[in-house]
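A short write-up of the structure that comes next.
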Amino acid sequence: MDVLQLQLSNLIYVKSAQNYVEFYYLNNDQILKKVIRSTLKKVQLAIPELTQVHRFYLANLDHYICWKDKKHITLQHCTIP
């Protein structure tokens, strides 16, 4: 069983990858990625503070910077659809 424990304030976004989810989070001002076997729906139910901004993405809006254009949102250190 793979487990990822981190503070919500360090979590930037979660991306769906079929039967896996990729967690992108900050650790010492670097963005790290951890892949866990789960679904985006399960993550959304487990962490209701995240906002679904795209079919495949959940974002922590505490890291929101601005809209890049009509289809992309800029979070701290990254841009997602």
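Could you please state how large a percent of the accessible area of the chain is carbon and sulfur, counting protein chains only and using a 1.4 Å probe?
C and S fraction of accessible area: 49 percent.
With N set to the number of residues, divide the alpha-carbon radius of gyration of the range 1-44 by 2.2 N^0.38 Å and report two decimals.
For the range 1-44, the normalised Cα radius of gyration comes out at 1.10.
Just the accessible area per residue of the chain, please: how many Å² with a 1.4 Å probe?
Details: 5680 Å² over 81 residues.
Per residue, the chain has 70 Å² of solvent-accessible surface.
To make sure I understand the rule: partners must be lysines, Cα under 23 Å from the Cα of LYS42, and not fewer than 8 residues away in the same chain. Which ones qualify?
LYS15, LYS33, LYS34
Points 7 angstrom from Cα along the Cβ direction at LEU61 and ASN10: gap in nanometres?
Calculated label separation equals 2.5 nm.
When the helices in the chain are scored as -39500 (n - 2.57) per DSSP H run of 4 or longer and the sum is shared across all residues, what 222 nm value do you end up with, to the nearest 500 deg cm²/dmol? Don't skip to the answer; put the middle values down first.
Details: 1 runs with 7 residues, N = 81.
Roughly -2000 deg cm²/dmol at 222 nm, from the helical runs in the chain.
Grab the alpha carbons of the chain, take their convex hull, and tell me the volume per residue in Å³. The partial results should precede the final answer.
On the way: hull volume 7.0 nm³, N = 81.
Normalising the Cα hull of the chain by residue number yields 86 Å³.
Run the numbers for ILE47 and LYS70: contour at 0.36 nm per residue of separation, minus the present Cα-Cα distance, in nm.
That works out to 5.6 nm of additional length.
The values are calculated or read from the model by the stated rules, or taken from the named source; none is laboratory data. Remember, it's a predicted structure, so these values are computed and weren't measured experimentally. As a convention, Cβ positions derive from the backbone with ideal geometry for all residues, glycine included, and neighbour counts pool all protein chains shown. The accessibility values were calculated without ligands, DNA or RNA, using every heavy atom of the protein model including side chains. Shrake-Rupley method; radii C 1.70, N 1.55, O 1.52, S 1.80 Å.
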